[in-house]
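These notes concern the structure reproduced below.
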Amino acid sequence: MARYTGAVCRLCRREGTKLFLKGTKCTSDRCPIEKRNFPPGQHGKDRKAKIVGYGLQLHEKQKAKRMYFTLEGQFREYYEKANRASGVTGELLIQQLERRLDNVAFRLGFAIARRQARQLVRHGHVTVNGRKVNIPSYQVNVGDEIAVRESAKKFQIVEQGAQFTQQNPLPVWLEMNFENLSGRVLSLPKRADVNLPINEQLIVELYSK
């Protein structure tokens with residue numbers, strides 16, 4: 001399975017904004033954006049050209065892809081499906097990304113970052129309605145119960161994730177039982193429920209050309 005394995009903090013610096021890829025590090029003074037808010041590389045400081053038009057649209061798409069750790073082909077499929085469905089294409093696109101199992105595991109506090117949650121899912125430590133699911137892109141539905149398997153509840157990343165989530169508000173479309181490390185999907189996520197620095201309309205405009 002193809003995936004990005006490089007330094008994720010470079011991705012934030014490339015986009016010039018926090019993508020919240022490292023959990024607690026992103027909210028501390030150790031975040032590289034706080035110290036080196038310019039593109040990585042030898043000539044990063046010299047790149048001062050203003051981004052407009054196509055470049056701006058491309059940056060928005062790259063931010064979303066990197067935030068949810070999807071590759072171009074899969075991201076394009078999400079857009080095509082959202083474009084065919086009835087409703088606002090951009091909002092439906094974000095909804096699909098939020099309904100990914102690795103993202104839901106992150107939102108519920110099974111890990112402090114999406115990449116950790118993705119690994120947890122890939123290694124078979126997460127169940128959906130009592131059945132093991134190891135596909136990070138699996139789309140959860142309303143009423144689904146997502147839980148950490150008993151053998152993984154003592155993992156350090158799971159305990160850290162639970163502590164981190166208890167200190168931060170849970171999305172209104174999810175319900176969490178911290179004692180059992182399980183959660184439930186109460187409703188489909190709305191755009192207002194997703195507090196991320198993404199302008200999905202620019203992504204739609206890019207793919208609509």
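The values are calculated or read from the model by the stated rules, or taken from the named source; none is laboratory data. All values derive from a computational prediction rather than experimental measurement. Reconstructed Cβ throughout: ideal geometry from the backbone, glycine too, with neighbour counts over all protein chains shown.
Residues checked against (1) of a type in the set (A, V, I, L, M); (2) within 19 Å of the chain's Cα centre (by Cα); (3) buried (at least 16 other Cβ atoms within 10 Å of the Cβ):
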site: Leu170; (1), (2), (3): yes, yes, no
site: Arg184; (1), (2), (3): no, yes, yes
site: Gln201; (1), (2), (3): no, yes, no
site: Val204; (1), (2), (3): yes, yes, yes
Review point. Among (1) free of Cβ contacts under 8 Å to residues at least 60 places away in the same chain; (2) charged (D, E, K, R); (3) touching a Ser or Thr at 6+ places or on another chain (Cβ under 9 Å), which single condition is Lys153 missing?
Key: (3)
Check your understanding: Does Arg76 fit the bill of being under 22 Å from Thr165 (Cα atoms) and either outside the structural domain of Val172 (by TED's automatic domain parsing) or surrounded by 15 or more Cβ atoms within 10 Å (Cβ to Cβ) (or both)?
Key -> no
Study note, to complete from the structure: Quick count over region 95-147, residues being assigned to a helix (DSSP H, G or I), of a type in the set (A, V, I, L, M) and surrounded by fewer than 22 Cβ atoms within 10 Å (Cβ to Cβ), is 0
Point to revise | Residues of region 98-117 satisfying the condition of being in contact (Cβ under 8 Å) with a residue 60 or more places away in the chain and among the charged types (D, E, K, R) | key: Glu98, Arg99, Arg107, Arg114, Arg115
Revision key, fill the gap. A careful count of residues in region 150-178 that are out of contact with any strand residue (DSSP E or B) (no Cβ under 9 Å at 6 or more places or on another chain), assigned to a loop (DSSP other than H, G, I, E, B) and closer than 20 Å to Lys132 by Cα gives 3
